[in-house]
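As structure tokens, the structure follows; a few thoughts come after it.
The values are calculated or read from the model by the stated rules, or taken from the named source; none is laboratory data. Everything numeric in this text was worked out from a predicted model, so none of it was measured. Ideal geometry is used to build each Cβ from the backbone, glycine not excepted, and the neighbour counts take in all protein chains shown. Calculation scope for accessible area: heavy atoms of the full protein, side chains included, ligands and nucleic acids excluded. Shrake-Rupley method; radii C 1.70, N 1.55, O 1.52, S 1.80 Å.
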Amino acid sequence: MAQPAVREAKCDNTWLLGYGSFSPDSRFGCSKINFQNDIFVRDDSRLDFSETIAVMCDTVGNLLFYTNGVMVGDKNLNKMQGSDTLNPGYFSSYNWNGDSGYRTVQGALILPFPNHADKYYLFHVRDRNPTFTAPTVPDKEGLYYTTIDMSLNTGLGQVTSLRNPIIQNDSLDGRLLACRHANGRDWWILVWNFRSGEYRSMLFDPQGVHISPWRGTTAQRSYFNLLGNIGQSAFSPDGSKFATNINLGENFGNYVSLYDFDRCKGIISNPQYFHFNDSLPTGGVAFSPNSRYLYLNSAGKVYQHDLTQNPPIDTAAAPIAEWDGFMELGQLATTF
């Protein structure tokens with residue numbers, strides 16, 4: 001019988017984010033959010049963050065380790081032993097000297113190794129060393145995993161195997177997500193191909209990573225190939241739905257995909273596509289804890305959609321929240 005697709009208890013309890021560590025300017029610096037105690041503090045480290053962020057906590061919510069896509073940091077905010085450079089190449093060194101973080105949305109994912117206490121797999125998408133002129137979108141070089149053993153180095157953890165290839169020479173573009181298998185132990189992992197518009201599926205079990213022969217081609221390919229699209233994907237907490245929200249800029253608005261997900265087979269089906277105009281960029285997506293409501297946002301608005309209705313996404317729905325125009329210190333827009 002299928003087990004509930006509950007998330008790991010408190011594994012995402014602490015978030016790290018921000019850039020400009022140790023800057024005397026109060027508008028910059030890294031921050032730590034602890035959702036257990038509702039604490040938000042400035043907490044500078046030697047690693048700054050860009051678009052790529054992944055954090056792992058223990059079962060009571062204490063920080064274990066994290067990555068900005070370039071390095072792996074331990075709970076003391078130091079470089080983890082054995083980590084070297086997670087994704088060497090152009091985007092790990094150009095302009096940022098490896099400290100400001102990788103620039104791939106949902107480009108890293110941390111999962112506990114099934115049936116192996118204290119061991120974790122860090123999945124990460126790597127950029128191809130590009131020969132391009134901005135704003136051309138660079139290809140991704142492939143998908144890798146790095147293993148971490150938290151029983152080593154007196155509990156600070158150690159990277160035990162670095163940059164193991166899974167998928168090579170494919171234009172993978174982040175949106176790297178996982179959902180519990182129906183057996184309650186293993187994981188399904190989805191990753192998206194920027195050029196072909198295909199989703200790839202992988203099974204992560206006690207024997208390692210296994211690439212599924214299934215490929216799910218989306219009807220959004222022509223939209224996804226436009227330059228400058230920004231967005232996120234998400235599984236519903238019960239694992240029955242998968243959604244993507246892509247913002248194509250002020251001339252095109254947001255393009256939302258909603259699928260059914262099979263937790264036994266690891267495939268998406270029943271695609272539904274919705275387009276709505278919104279003049280401000282970013283494309284966030286999230287589900288409510290009971291998986292009934294889908295939340296979509298641009299930089300200026302947040303929308304709620306009841307998935308029990310038909311159609312499940314109302315493109316004419318009024319926003320439930322709007323940015324009030326507030327500027328931090330009169331200079332930085334505090335948008336969504």
Could you report the accessible area of Phe113 in Å², rounded to 10, computed with a 1.4 Å probe on the protein chains as they sit in the structure?
30 Å²
I'd like to check one number: the per residue accessible area of region 239-335, probe 1.4 Å, reported in Å² as a whole number.
49 Å²
Calculate the translational D of region 271-333 in whole µm² s⁻¹ from Stokes-Einstein, where the hydrodynamic radius comes from the Kirkwood formula applied to all Cα pairs, the temperature is 25 °C and the viscosity 0.890 mPa s.
189 µm²/s
Mind ranking Val191, Val209 by accessible surface for me, highest first, 1.4 Å probe?
Val209, Val191
Could you order peptides 101-112, 304-315 by the average number of other Cβ atoms within 10 Å of their residues, highest first?
101-112, 304-315
Sort 76-83, 21-28 for me by packing, meaning the mean count of neighbouring Cβ atoms within 10 Å per residue, highest on top.
76-83, 21-28
